[in-house]
Amino acid sequence: MNERESDRAREGGERIARVPVERTEGETRRIFELYRKERGNVPNMFRTMAHRPPLLRTMIAHFREVMAPAEVDLRLKELIAVAVSGFHRCEY
């Protein structure tokens with residue numbers, strides 16, 4: 001992130017600027033387009049991690065595993081994510 005983006009992030013309350021989808025390329029762009037198709041948007045946490053594509057790939061693999069069908073219902077998982085984000089004053 002350059003100095004201008006860093007200043008903008010601080011002004012907007014962000015600690016780390018989110019990478020605009022339009023500024024991505026290669027594998028990151030493919031990942032973002034898949035999320036747009038599946039969810040209608042790209043989660044902010046992924047846009048933030050796009051500064052480091054290798055970490056983004058790892059995070060997505062982890063996220064998909066956590067959100068996969070299991071003993072805990074998907075709706076409860078989403079509710080927990082919203083609650084934790086609210087507690088930390090993050091945009092979910």
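Neighbours of ARG36 by Cβ distance under 12 Å: Lys/Arg scored +1, Asp/Glu scored -1, total +2.
In this label model, THR58 and LEU34 are separated by 1.8 nm, measuring between points 7 Å along each Cα→Cβ vector. If you bin all the Cα-Cα distances of region 3-87 at 5 Å, starting from zero, the percentages per bin are 3, 13, 19, 24, 20, 14, 6, 2, 0. Extending 7 Å from the Cα toward the beta-carbon at both ASP73 and ASN44 defines two label points whose distance is 2.6 nm. Take the Cα of VAL82, step 7 Å toward its Cβ, do the same at GLU22, and the gap between the two points is 3.0 nm.
When you filter the GluC sites (Glu not before Pro) in region 33-92 for DSSP loop state and at most 14 other Cβ atoms inside 10 Å of their Cβ, you are left with GLU71, GLU91.
Laboratory data are not the source of any read-out in this text; all were calculated from the coordinates shown. Since the structure is predicted, the reported quantities are computational estimates derived from the model, not experimental observations. Virtual Cβ from ideal backbone geometry, glycine too; neighbours counted across all protein chains shown.
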